[in-house]
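One structure is given here, and the rest of the page talks about it.
The values are calculated or read from the model by the stated rules, or taken from the named source; none is laboratory data. On a predicted model such as this, the values are computed, not experimentally measured, just so you know. Cβ atoms come from the backbone with ideal geometry, glycine included; neighbour counts cover every protein chain shown. Accessible surface areas use protein heavy atoms only, side chains included; no ligands, DNA or RNA. Shrake-Rupley method; radii C 1.70, N 1.55, O 1.52, S 1.80 Å.
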Amino acid sequence: MWLSKQPKECQMDREHLSMVADKFQWVFSELLLNACGKEAKFCRRERLITPFRLGLALTATSASQQVETLADFHRGFNALWGTQVSYEAFYKQLAKPQFAECARTLSERLISDMSLKVFGFTKGRAFGEFRRILIQDGTSFAIHNALREVFPGRFKTVKPAAVELHTTMELLCDAPTTVVLSPDTTSEQAFLPEPTSLRASLLLADRGYVDLHYLRRVQDAGGFFLIRAKAGMNPQVFEAFREDGKRLRSLRNKPLQTIHTKLPKRQRVELGVRWDVDGCSLSLRLIVSWNRRTKSFCYLLTNLSPQRYPLDTICRAYKWRWQVELLFKEWKSYANLHAFDTEKVAIVEGLIWAAIAAAALKRFLAHATQLIAGVAMSTRKAAMCVTYVLSDIVQALKTAHGASLDDALRSAVTYLACHAQRAHPQRDRQTGRFQLGLEPLFGSNDDAEIREAA
């Protein structure tokens with residue numbers, strides 16, 4: 001059931017609480033992070049600014065306050081560790097080329113090791129048969145103009161230097177699985193998941209990722225996709241049905257562009273379309289709907305079965321792609337993912353990874369609270385609330401004191417369960433992401449058995 005009251009301590013799932021504490025201690029292991037720093041040649045001797053100390057300080061600062069300048073990170077480091085490191089010495093460490101590699105390593109550890117399955121499908125519902133449901137997209141922002149040669153932007157006059165973060169997100173974990181940093185001019189399609197990794201999985205993506213050769217490889221590998229298609233595509237239409245089931249015979253056996261003006265606007269249309277790709281036929285479903293606001297057609301391309309996944313289900317499922325946009329908003333609004341006034345490539349990259357690490361930590365705490373306390377969580381609210389409970393967790397990680405970490409996590413879960421719950425769970429079922437049988441998992445759930453909501 002959906003719980004709306006603040007959970008008592010005795011209601012917490014102690015097994016999951018212990019698991020969460022173990023994950024924190026593993027990811028923020030002083031021994032491992034310092035070893036990674038030495039391997040990357042960030043430091044040869046462990047002085048005041050060690051990889052562990054720097055990584056914990058940057059992550060905590062990004063997650064707990066608004067950061068405008070490098071001096072904010074410098075002050076955060078000294079405050080956390082009780083040191084008096086000069087700004088010049090601190091800046092020199094961040095300017096090292098190896099700093100970006102260390103920050104990326106910490107970010108990747110957080111993304112890969114601090115991930116929990118928090119959603120599942122009611123038994124027997126559509127989409128429940130997929131191993132994973134992946135969402136692919138990217139977000140970009142401008143950086144210092146002096147970096148235009150290293151990170152060229154697409155809009156050379158307005159934003160000559162820009163970066164893009166290519167992200168693969170797992171819907172059932174409600175978190176990214178991979179994040180790749182590149183210049184803004186790099187093709188998005190180069191960062192799509194390997195087709196073989198999509199076996200028995202579903203990929204959601206925007207129209208910038210349409211590549212017929214790639215889609216054919218995904219289908220051949222036993223994978224599935226639901227992608228927004230481009231308006232200029234011109235496949236051969238071999239079948240056409242209106243939303244009410246009426247067959248549109250006049251639209252059959254013609255190129256799409258020749259019948260474009262004849263497509264109905266009052267009802268959605270499902271077309272069976274075919275391309276010749278690498279000498280073989282690629283037959284897919286094309287869902288066409290009229291957007292009254294933009295006064296243009298919207299196209300969704302998929303290889304999902306029409307019997308199992310009718311037209312309306314396809315259109316509703318594509319809305320899940322919005323979850324990655326909400327993820328990007330969290331990064332930029334609550335984790336300090338933005339440009340800093342620096343021309344140093346290592347600092348630009350390193351602070352981007354620090355922001356991703358901070359966001360991953362916040363989202364992990366939200367998901368851990370859901371599993372431990374048994375309440376459906378808002379990751380946006382949690383991103384705003386974590387700042388009030390993070391200090392005790394960071395202090396426990398700083399001293400590697402297991403009992404203190406357990407106490408800090410217990411307090412954090414109690415606080416977040418009260419202040420970061422989803423406000424309208426019933427509305428989520430009617431118009432939100434839970435309308436197709438997607439359900440939140442709680443600590444007492446088995447992965448294959450979803451608790452029915454009241």
Using a Förster radius of 41 Å, what is the FRET efficiency between ARG308 and ARG154 based on their Cβ-Cβ separation? Nearest 0.05, please. 0.60
So what's the chain giving for Rg/Rh, alpha carbon basis, Kirkwood Rh from the mean inverse pair distance? 1.01
Plugging the Cβ-Cβ distance of VAL277 and ASP113 into 1/(1 + (r/R0)^6) at R0 = 60 Å yields, to the nearest 0.05, a FRET efficiency of 0.95
Separation of segment 252-271 and segment 273-336 by C-alpha centroid, Å? 17 Å
Quick one: work out the % antiparallel among DSSP beta bridges in the chain, nearest 5. 85 percent
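Work out the length of the dipole vector of the chain about its Cα centre, built from +1 on the beta-carbon of each Lys and Arg and -1 on the beta-carbon of each Asp and Glu, and round it to the nearest 20 debye.
1860 debye
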Can you tell me the length gained on complete extension of the stretch ARG45 to ALA190, counting 0.36 nm per residue apart and subtracting the Cα distance? 48.3 nm
For the chain, with the dipole built from +1 on Lys and Arg beta-carbon atoms and -1 on Asp and Glu ones, taken about the Cα centre, which of ALA79, LEU327, SER296 lies farthest toward the positive end? SER296
I'd like to know which of CYS102, VAL67, CYS43 lies farthest towards the positive end of the charge dipole of segment 42-184, counting +1 on Cβ of Lys and Arg and -1 on Cβ of Asp and Glu. CYS43
Under Karplus coefficients 6.51, -1.76 and 1.60, residue-wise ³J(HN,Hα) of segment 366-379 in Hz, glycine/proline x: 5, 5, 4, 4, 4, 6, 7, 8, x, 10, 6, 10, 9, 5
Once you have the Cα-Cα distance between ALA231 and ALA71, take 0.36 nm times their residue separation minus that, and quote the gain in nm to one decimal. 52.8 nm
Would you mind checking the tilt of helix 70-81 against the longest principal axis of the Cα atoms of the chain, expressed as 0 to 90 degrees and rounded to 10? 60 degrees
Take the cross-link list LYS41/LYS156; LYS41/LYS344; LYS230/LYS381; LYS265/LYS319 and give me the ones stretching past 29 Å between alpha-carbons. LYS41/LYS156; LYS230/LYS381
Rounded accessible area per residue of segment 10-123, 1.4 Å, Å²: 49 Å²
What are the residues whose amide H is under 5 Å from the amide H of GLY138, where those residues sit 5 or more places off or on another chain and H is modelled from the backbone? THR167
Among GLY272, SER201, GLY245, whose Cα lies farthest out toward the positive end of the dipole of segment 184-304, if unit charges sit on the beta carbon of Lys, Arg (+1) and Asp, Glu (-1)? GLY245
Can you list the trypsin sites (Lys or Arg not before Pro) in segment 293-353 that are in a DSSP coil and have 11 or fewer other beta carbons within 10 angstrom? ARG293, LYS295, ARG308
State the extension gain, in nm to one decimal, for the chain segment bounded by ASP341 and LYS262, taking 0.36 nm per residue of separation less the distance between their alpha-carbons. 23.1 nm
Roughly how many percent of the accessible protein surface of the chain is carbon and sulfur, given a 1.4 Å probe and a whole-percent answer? 49 percent
